[in-house]
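Enquirer: I'd like to ask some things about the structure below.
The values are calculated or read from the model by the stated rules, or taken from the named source; none is laboratory data. Source: prediction; values computed, not measured. Cβ sites come from the backbone with ideal geometry, for glycine too, and all protein chains shown count toward neighbours. All accessible areas refer to the heavy atoms of the entire protein, side chains included, with ligands and DNA or RNA removed. Shrake-Rupley method; radii C 1.70, N 1.55, O 1.52, S 1.80 Å.
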Amino acid sequence: MRILLTGSKGQVGSCLRERFPENWELIASDSQTLNITDAHNVLNMVKTFEPDMIINAAGYTKVDAAETDSDKAFAVNATGTLNLAQAAQSIGARLIHLSTEQVFDGHHHVVLTENMAPNPANIYGHSKLAGELLALNAHVETAVIRTSWVYSEHGHNFVKIMLQKGLEAPTIRVVDDQIGCPTYAGDLAEAIIRLAELNSSPRGIFHFAGSQQMSWADFAQRIFIEAAKIDDRYSKVKVERIATADYKSAAKRPEFGILDSRTLQNILQQPVTDTPLSQIVSKLLK
């Protein structure tokens, strides 16, 4: 199988590169080698390489910055996604596109299924929703995978931030009234590969997230518990649980961002299995 991977140096992209089957032919691109906002460049790349599938792991993910940089957020997350979908359609390739739980506002505190109406609370969510809709309308062989709270040993993420802050201050203030499911990028990468391997072409919107519900404060506490097993300095860190209203940020986040992953699990015939957080913390503290 020939795969064009965008966002290859991000969290999910890095995990995909580490896990792709050896017999797959891969061209791994990032923002330096392929500007997905340039339709001409995207089409040239796709027609030259002729992939069987495009996996779009690229994205503008600076949630707060998007509030004042909406043009760039929409250029990457909406226009860029459309460019990839149209290029895939032109050669008959499949497209797997990554999206986010932030297409929902989470106000109703219910588990989020694929058939629920989105209602983004921030610019980032609006830009990702636009990308979903544009891709699905442009190319029938599109699978959108929404995920949440992604972390890994790669890139910039909550686990790395907490490990750094834990060595800088004895008390860390963390929001306790936003609920979600942390998702290890490696687990998501495995699901994407299994989806790509299917002979049939699942299309539409699917959810994939970790199986454990928790607040950001809960997540931080678990990180420090695991870190303390390796470095005793983390045993002294205290998590101060605060309300969203007490934490200033430019963008609103979903209050309850629990994604129902059962549809994709049924298609893959395999339940979500969470890689233990201890493994990731251990890699980061080596």
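Enquirer: Within the P(r) computed for the chain, what percentage of the Cα pairs occupies the region above 33 Å?
Expert: Tail of P(r) above 33 Å: 21 percent of Cα pairs.
Enquirer: Assuming R0 = 51 Å, what is the FRET efficiency of THR68 and ASN23, from their Cβ-Cβ distance, to the nearest 0.05?
Expert: Approximately 0.65, to the nearest 0.05.
Enquirer: To continue, here is another question. Find the accessible area per residue for region 1-147; the probe is 1.4 Å, ligands and nucleic acids are left out, and the unit is Å². Don't skip to the end; give the middle numbers.
Expert: Values: 6310 Å² over 147 residues.
So region 1-147 comes to 43 Å² accessible per residue, rounded to a whole number.
Enquirer: Further question: With point charges of +1 on the Cβ of Lys and Arg and -1 on the Cβ of Asp and Glu, referenced to the Cα centre of region 61-101, which listed residue (THR79, ILE91, ALA65) lies farthest in the positive direction of the dipole?
Expert: Result: ILE91.
Enquirer: Still on this structure, I have one more. Pick from GLN102, GLN32, GLN89: which residue has the top mean-square fluctuation in a GNM of the chain where Cα pairs under 10 Å get a spring?
Expert: Of the options given, GLN32 has the highest mean-square fluctuation.
Enquirer: Go ahead and set up a Gaussian network model of the chain, Cα springs under 10 Å, then flag whichever of ASN56, ASN44, ASN83 fluctuates most.
Expert: ASN44
Enquirer: Follow-up. Count the net charge of all other residues whose Cβ sits under 15 Å from the Cβ of ASP176, scoring Lys and Arg as +1 and Asp and Glu as -1.
Expert: Working: positive: ARG173, ARG222, LYS238, ARG241, ARG253; negative: ASP177, ASP218, GLU240, ASP246, GLU255.
Cβ neighbours under 15 Å give a net charge of 0.
Enquirer: Work out the length of the dipole vector of the chain about its Cα centre, built from +1 on the beta-carbon of each Lys and Arg and -1 on the beta-carbon of each Asp and Glu, and round it to the nearest 20 debye. Write down the numbers at each step before the final one.
Expert: Values: 27 positive and 32 negative charges, 83 e Å.
Using only the charged Cβ atoms, the result is roughly 400 debye.
Enquirer: Another question, if that's okay. Which listed residue (ILE205, ALA191, GLY131) has the Cα farthest towards the positive end of the charge dipole for region 90-208, taking +1 on Lys and Arg C-beta and -1 on Asp and Glu C-beta about the Cα centre?
Expert: GLY131
Enquirer: Just read off the accessible area of TRP149 with the full protein assembly in place, 1.4 Å probe, to the nearest 10 Å².
Expert: 30
Enquirer: Ignoring ligands, DNA and RNA, how do THR142, THR273 rank by accessible area with a 1.4 Å probe, largest first?
Expert: If we order THR142, THR273 from most to least accessible, we get THR273, THR142.
Enquirer: Turning to a different aspect of this structure: Using a 1.4 Å probe on the protein chains only, how many percent of the accessible area of the chain belongs to carbon and sulfur? Could you put the intermediate results ahead of the total?
Expert: Numbers: 6340 of 13180 Å².
Of all accessible area on the chain, carbon and sulfur atoms account for 48 percent.
Enquirer: Could you calculate the FRET efficiency of ASN115 with GLN212 from 1/(1 + (r/R0)^6), where r is the beta carbon distance between them and R0 is 25 Å, rounded to 0.05?
Expert: Values: r = 24 Å, r/R0 = 0.95.
With R0 = 25 Å, the Cβ-Cβ based efficiency is 0.60.
Enquirer: Just to make sure I understand: if all protein chains stay in place, what is the order of HIS40, HIS107, HIS156, HIS207 by accessible area at 1.4 Å, largest first?
Expert: The ranking, largest first, comes out as HIS156, HIS40, HIS107, HIS207.
Enquirer: Also: Once the dipole of region 222-286 is set up with Lys and Arg at +1 and Asp and Glu at -1 on Cβ about the Cα centre, which of THR244, ILE267, ILE230 lies farthest towards its positive end?
Expert: Looking along the dipole axis, the top candidate is ILE230.
Enquirer: Compare ILE55, ILE267, ILE205 in a GNM of the chain, Cα atoms joined below 10 Å, and give the one with the largest fluctuation.
Expert: Of ILE55, ILE267, ILE205, the most mobile in the Gaussian network model is ILE267.
Enquirer: Could you sort GLU197, GLU114 by accessible area so the largest value comes first, with the probe set to 1.4 Å?
Expert: My answer, sorted largest first, is GLU197, GLU114.
Enquirer: Among LYS9/LYS286; LYS9/LYS47; LYS72/LYS238, which pairs are too far apart, with a Cα-Cα distance over 29 Å?
Expert: In this structure, LYS72/LYS238 exceed 29 Å between Cα atoms.
Enquirer: Quick check on region 135-236: of the DSSP beta bridges with both residues there, what percent are antiparallel, nearest 5%? Working shown, then result.
Expert: Values: 2 of 8 bridges.
DSSP beta bridges in region 135-236 are roughly 25 percent antiparallel.
Enquirer: While we're here: What is the angle, in °, between the Cα long axis of helix 185-197 and the longest principal axis of the Cα atoms in the chain? Nearest 10 is fine, range 0 to 90.
Expert: For helix 185-197, the angle is close to 20 degrees.
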